[in-house]
1. What ranking do A:Phe239, B:Phe227, A:Phe158, B:Phe33 get, fewest neighbouring Cβ atoms within 10 angstrom at the top?
2. What list do you get for A:Met196, B:Met183 if you sort them by fewest beta carbons within 10 Å?
3. I'd like the mean, over residues of B:44-56, of how many other protein chain beta carbons sit within 10 Å of each residue's own Cβ.
4. Once the Cβ-Cβ distance between B:Val152 and B:Ser83 is put in as r, and R0 is 41 Å, what FRET efficiency do you end up with, to the nearest 0.05?
5. Given the options A:Pro227, A:Pro195, A:Pro117, state which has the largest fluctuation in a GNM of chain A using a 10 Å cut-off (strictly under) for Cα springs.
6. I'd like the Karplus ³J(HN,Hα) series for the stretch A:149-166: coefficients 6.51, -1.76, 1.60, θ = phi - 60°, whole numbers in Hz, and an x wherever there's a Gly or Pro.
7. Assuming 0.36 nm per residue, please report the length gained on full extension of the stretch A:Leu7 to A:Met25 beyond their Cα-Cα distance.
8. With Cβ to Cβ distances under 11 Å as the rule, what net charge do the other residues near A:Tyr175 carry (K, R +1; D, E -1)?
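FYI, it's all coordinate maths here, none of it is from the lab. Predicted model only: the values in this text are computed from it and were never measured. Neighbour counts are summed over all protein chains in view; Cβ atoms, including those assigned to glycine, are modelled from backbone coordinates with ideal geometry.
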Amino acid sequence: MAFFLTLPLILLIALFVLYPAFYSMHLATLNKSMQKFVALGNFTFLFKRDTFWMVVRQSCIFALTAVFFKALMGFIVAHFVHNLPAKGQRKWRGMLLVPWVIPPAMSTLAWLWLFDPSYSAFNYTLSFFGVGPIPWLGDTFWARFSVILVNVWYGAPFFMIMYLAALKSVPDQLYEAAAIDGANWWQRIWYVTLPMMRNIIAITTLFSLIVTFANFDIVRILTSGGPLDSTHLFATWAFQVGIQSSDIPLGACVSLFMVPILAVAAIFILRDVNKRGNEA
Amino acid sequence: MSTLAIDKGGPTRKIKYRSMSRDRTWALRWSYFFLVLFAIFSLIPPIYMLITSLKSSAEISAATNPWWVFHPTLANYVELLTSNQFLRFFWNSAVVSIVVVCVTMLISIPAAFALARMKFWGSTTLATGVFLTYLVPDSLLFIPLFKMLAAVQDITGITLLNRWYVLLFVYPTLTVPFCTWIMIGYFASIPKELDEAALIDGASWLQTLTRIFIPVALPGLIAATIFAFTVSWAQFLYPLVFTTSIDQLVLPVGITTTLIKGDVFNWGQIMTGALLGAAPPLIIYAFLMDYYIAGLTAGSTKG
């Protein structure tokens, strides 16, 4: 009985998640026309290419910096919202979560237009301060900066919402006790807030790390990996190699390189979520 | 003696109180100041979309202040909303999202019910598996899925690639795990006495599910529905890979591929299209914000 209720779920996962995952490993061992078994040939080929190592480095830089700033911004903003009187919080929370609600493909188009080389609204504004014009998407450094900026813009509200929920669950008595002991605001954050929120911070950060590491939409629309492949992530490069240049095995191979990092993050999330479940 | 003591104690206490309240006022002012900055940062892109969508192409290419509309016009909206191509994208997106929401609910509610209430062989493993599936990103599976669909097409002769309905098979992999996961949580929080009472009254499992579990867990159900809808509406990678003909595209892919003609960007129309594409999730969010947030935060707690 119970088995039949879960059967559609099991079928869905087996057919469209598990099978493709293993099929991907099989594909990665074939040659471009998919007729010959080349074992680890695709992997050794990738190791010899500079672009591959650049993608590895850029994916790590992108994911780590973006997650760090998302977490930091989310933490700060959550504190400010939490400081407000209760009835005004809803309005602010509603406004600050808007970036997360807009489909990323749509909002990235707006950023692309804000970064436009000749009509950039940012450069127009900056020109009044005597700065600029900044080649937002044309220069390697600025392009890397821009994709991270857009990712932080999109993802920070998620952290804000999670932290806000966590802040509300910290009992007021703890802060009162800390205040009586003469703790300043920094000590209150360090010794009360952070330890109480540790678990939720860990889960949110790891989860965001997975999503950011596997990001596709933002980089694809903003730069398509350019200039000179400098902003490619695993996902966008796999798309370019596997679908656009129709070298499916090599594309599968590229995307498989995400697995180790995703797996490590997933194991830690699972551990934390289980711990959380037992506490409640 | 006593008056002296009061005089001594009074002022110090009063000063302390005043300084604390002054601290509070300043903390509040700083909070508002920074929140305004963050709100500006958050709202610049959507507002700029709106500003640009109200401009004519002539005004966009003129070197005027980009943050202001001098000659507002609805021409972009009229043009897009009367273009068959754009309405087709919108229609495809709407059909795909609504069907995916229904399929997701049909799969995840019974599964969550079974996993929350019936202990069977492998049930904990399956629950963990569901959570892990939720963590598998779309960018890991699009290449093997593409090849798989092509192979199915070759073997059975059923055209799957470049048809919008192929998305109905792949989107549930993104929505079902999360919806099942949060529904397990909501179902598990329902007191056991409730379904025991129903069982004693002679209710079947199906009746227990439809008469007790679904009504009691309705907030969770709404949160899961909103999640499934927004995920399917926003999905960009799968339709980009699996569909190419113009009449098969969904909104995000349609806007990015068709409104950009070569190197010519018709920004007025792109921004209008993007804004119209962002409208359904934004409207849902505006009316059901609390459910939306409940769904967001529910993912990190185990049922």
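1. Starting with the residue having the fewest Cβ neighbours, the order is B:Phe33, A:Phe158, B:Phe227, A:Phe239.
2. A:Met196, B:Met183
3. 4
4. The value I calculate is 0.75.
5. Checking each option, the largest mean-square fluctuation is seen for A:Pro195.
6. 4, 5, 5, 5, 4, 6, x, 4, x, 4, 4, 4, 5, 5, 5, 4, 4, 5
7. 3.9 nm
8. Here the charged neighbours net out to -2.
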